[in-house]
1. Taking E99, is it acidic (D, E), closer than 27 Å to E263 by Cβ and either buried (at least 22 other Cβ atoms within 10 Å of the Cβ) or within 16 Å of the ligand (Cβ to nearest atom) (or both)?
2. Could you tell me which of the residues D159, D155 is more than 29 Å from V292 (Cβ to Cβ), touching a helix residue (DSSP H, G or I) at 6+ places or on another chain (Cβ under 9 Å) and buried (at least 21 other Cβ atoms within 10 Å of the Cβ)?
3. Test Q165 against the stated conditions and say whether it is outside any helix (DSSP H, G or I) and either touching a residue at least 40 places away in the same chain (Cβ under 8 Å) or buried (at least 23 other Cβ atoms within 10 Å of the Cβ) (or both).
4. Considering each of L459, L429 in turn, give the residue that is closer than 16 Å to H319 by Cβ and either among the hydrophobic types (A, V, I, L, M, F, W, C) or touching a strand residue (DSSP E or B) at 6+ places or on another chain (Cβ under 9 Å) (or both).
5. Just the residues that are out of contact with any strand residue (DSSP E or B) (no Cβ under 6 Å at 6 or more places or on another chain) and more than 16 Å from the ligand (Cβ to nearest atom), please, taken from the range 180-198.
6. Among what's in the range 266-286 and is surrounded by 16 or more Cβ atoms within 10 Å (Cβ to Cβ) and closer than 29 Å to V346 by Cα, pick the residue that is farthest from the ligand (Cβ to nearest atom).
7. Output the number of residues of the range 390-406 satisfying the condition of being assigned to a helix (DSSP H, G or I) and closer than 13 Å to V346 by Cα.
Amino acid sequence: MKDIIELKQESLALLAGKVACPSYDRNKVKAGIVHIGVGGFHRSHEAYYTDALMNETGDCSWGICGVGLREDDRKMRDILKAQDYLYALIVRHPGGKVETSIIGSLVDFLLSGDNPGAVIDRMASADTKIVSLTITEGGYNFDPASGEFEFGNPDVQHDLDNPAQPKTVFGFLTAALKQRRTVGLPAFTVQSCDNIQHNGAMARKMLLAFAHKQDPELARWIEREVCFPNAMVDRITPATTAADTAYLSSQAGFKDDWPVTCEPFTQWVIEDNFSNGRPAWEHVGAQFVPDVTPYEKMKIRLLNAGHSVLGLLGSIHGHETIDGCVADPLFATYLRAFMDNEATPVLDPVEGVDLDAYKDSLLQRFGNPNIKDSLARICLESSAKLPKFLISTIHENLTRGGSIKYATLVIAAWCLYSDKGRNRHGVELKIVDQMKTELHQAAAGTNDDPLSFLRLKSLFGDLASNKEFTALYTEMVQAIYKDPDIEQQMRKVLAA
Ligand code: CS2
């Protein structure tokens, strides 16, 4: 065991013989990007592309300074700092091949809780050209039903009252942009990397709503000067487990306290709309397109929605992982039927993409037995995900007279899940959701009022008053409340 190498800048020379390491001089890397929300996905995606680009071209002006806005980010910061911001990316192929590389594009990490002024200054620095975000679907602070900015959020109120000591992403972006404008620096680009359709437009709308309240003149400058490219981002990145860390020390001979595991597939389709330059990510596989709309809708309504379908139905059934679900023929058939009959009909054609082949590839990716993507991760924050991933598809199918039965059973399963917090065997399911209490209370009213869950208007809009939907939903929710054997209901839907 004493031969285990600590992951650090000074050990890269030793590690180079064992794993792929940065070939560029990390001392020369300038942080052209400030990234808010350094989790597994950022590290397997944007940081990976940026590292690959530096390896490919040697252009070191686009390193990344991570920023954590939550106290929960401290652990990641501490671990990365102790490793000189290096970490291992473990790519697991379906056939068992594993490719490990050390990613060097992160070069700093600030926690806003320690010093908000330092975060603002870093964003306002002349070196910063892009502020990118993975703040999750819930981080955009919009009301899911109206799509408008939620001024009721106490942190937003705090930021409006304390512009120099913000807590939210909107407070930080506004303060930094204000500083840039005052000193005559060009605006940075705000680049969303979250799974929201028109993620750039969403970031823009929310930031402008906030900035208008705080400083209307600055808001007008932001409106003119800041670009918010839309993008479709994709790489399945399960939560890191102790087995990943153990794998590195036993198989690769070095210690990383928080590596990232992901699938080999990766995709990034970006609108070429930047305020102040950008990395040439196209050299390492990103696609720049004039309009990302069809790509993002395809990905969110098939991949992300597909995950949620398996996540909720699978959790009630007692499956634990996505690959476990698709290895079960009933779940695989159900997923494909949902995709073919409900998700695909509401999609626009995507140039150069064969949707059938795309769906085949999704089933293969989900089935990767070496990516143990837990249903617990998929079900995290479902209230921020389902309106975008699945409920929009139901609304669109109701309008066009299309099928809704596959998705409706998922909503019924979500109600049971939120109410009981247990799978069909009575085993507890750990629910993590900002709306956990509201979801639970609404779901708990189901026995008296079968539509109780749907009355959460901010999630479901007017579904509770749609006769076609409520008739089917009532039948399904009552059936699974009587007997949570979800398989039986899935078979029924498939046979209907
Ligand atoms: C998942 C995504 O969060 C979820 O529910 O669907 O994290 C998904 O794995 C990624 O978007 C894949 O690109």
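1. Numbers: acidic (D, E): yes; closer than 27 Å to E263 by Cβ: yes; either buried (at least 22 other Cβ atoms within 10 Å of the Cβ) or within 16 Å of the ligand (Cβ to nearest atom) (or both): no.
No: the conditions fail for E99.
2. Values: D155 fails: buried (at least 21 other Cβ atoms within 10 Å of the Cβ).
After ruling out the rest, the residue left standing is D159.
3. Values: outside any helix (DSSP H, G or I): yes; either touching a residue at least 40 places away in the same chain (Cβ under 8 Å) or buried (at least 23 other Cβ atoms within 10 Å of the Cβ) (or both): yes.
So Q165 fits the description; yes.
4. Values: L459 fails: closer than 16 Å to H319 by Cβ.
Exactly one of L459, L429 is closer than 16 Å to H319 by Cβ and either among the hydrophobic types (A, V, I, L, M, F, W, C) or touching a strand residue (DSSP E or B) at 6+ places or on another chain (Cβ under 9 Å) (or both), namely L429.
5. First pass over the range 180-198, keeping only residues out of contact with any strand residue (DSSP E or B) (no Cβ under 6 Å at 6 or more places or on another chain): 180-187, 194-198.
Passing the criteria: R180, R181, T182, V183, G184, L185, P186, A187.
6. First pass over the range 266-286, keeping only residues surrounded by 16 or more Cβ atoms within 10 Å (Cβ to Cβ): 266, 268-271, 273-276, 278-279, 281, 284, 286.
Remaining after also requiring closer than 29 Å to V346 by Cα: 266, 268-271, 273, 286.
Numbers: T266: 9, W268: 10, V269: 12, I270: 14, E271: 18, N273: 22, A286: 14 Å.
Among them, the one singled out is N273.
7. So in the range 390-406, the residues assigned to a helix (DSSP H, G or I) come out as 390-400, 405-406.
If we keep only those that are closer than 13 Å to V346 by Cα too, we end up with 390-400.
Summing the residues that are assigned to a helix (DSSP H, G or I) and closer than 13 Å to V346 by Cα in the range 390-406 gives 11.
Residues checked against (1) aliphatic (A, V, I, L, M); (2) away from the ligand (no atom under 13 Å from the Cβ); (3) not assigned by TED's automatic domain parsing to the domain that holds F274:
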residue	(1), (2), (3)
G200	no, yes, no
A203	yes, yes, no
P216	no, yes, no
E225	no, yes, no
P229	no, yes, no
M232	yes, no, no
I236	yes, no, no
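The values are calculated or read from the model by the stated rules, or taken from the named source; none is laboratory data. Quick caveat: nothing in here was measured; it's all calculated off a predicted structure. Backbone-built Cβ (ideal geometry, glycine too); neighbour counts: all protein chains shown.
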